[in-house]
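Visitor: Quick one: structure below, then a few questions.
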Amino acid sequence: MNTIIIYSSKYGCTADCAEYLKSGLSDSAKLTDIDKTNSNAIALESYDTVIFGSSIYVGAISKKMRKFCKENVELLSKKRVGIFLCCGFPEQAKEYLTTNFPSTLLKSAIVIKDFGGEARIDKMKFIDKSIMKTVMKGNHEALKISHENIDAFIKELNK
């Protein structure tokens, strides 16, 4: 089974999760950073399984990811699709999903998970750092990646 993991990672957390996810899949998955790739060059027809992963900033995934999903929703609805988010507010994950991904894609996805998040303050631009510190009220160290959720995602996908 051919699998592609298409992800968007602003400061590296989602990229790390995509790498961990890839290592747990039973087939050889390909990693593609949509923000560093010509999205027209992604041959979705070649893949049985397509996994989307994105970080959330100010309630949104990357514009390029959102556009790609919207433009390819018909083809994607015929594939095995998985979606994961890396975000610091798991209680808002459902809202983030519904505002960022086409509803048809969400309905046809075989697995959707929130992987948690990390605030990599040392890598952030000044404005992002200020927003994060304000939103998290100085408690950004409490954010953690959920390896349990990633492992559960892998298990669901490998069924």
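The values are calculated or read from the model by the stated rules, or taken from the named source; none is laboratory data. Bear in mind the structure is a predicted one, so any value in this text is a computation, not a measurement. With ideal geometry, Cβ positions are generated from the backbone for all residues, glycine too; neighbour counts draw on all protein chains shown. Areas reflect the complete protein model, heavy atoms only, side chains present, ligands, DNA and RNA absent. Shrake-Rupley method; radii C 1.70, N 1.55, O 1.52, S 1.80 Å.
Visitor: Return the residue satisfying two criteria in turn: it lies in region 43-57 and is in contact (Cβ under 8 Å) with a residue 40 or more places away in the chain and not in a strand (DSSP E or B), and of such residues it is least open to solvent (accessible area, probe 1.4 Å).
Guide: Among those that are in contact (Cβ under 8 Å) with a residue 40 or more places away in the chain and not in a strand (DSSP E or B), it is Leu44.
Visitor: Tell me which residues, restricted to region 1-42, are of a type in the set (A, V, I, L, M, F, W, C), buried (at least 19 other Cβ atoms within 10 Å of the Cβ) and part of a strand (DSSP E or B).
Guide: Passing the criteria: Ile4, Ile5, Ile6, Ala29.
Visitor: Follow-up. When only residues in region 60-114 that are out of contact with any strand residue (DSSP E or B) (no Cβ under 8 Å at 6 or more places or on another chain) and either open to solvent by less than 40 Å² (accessible area, probe 1.4 Å) or not in a helix (DSSP H, G or I) (or both) count, which is modelled with the lowest pLDDT?
Guide: By that ranking, first place goes to Phe89.
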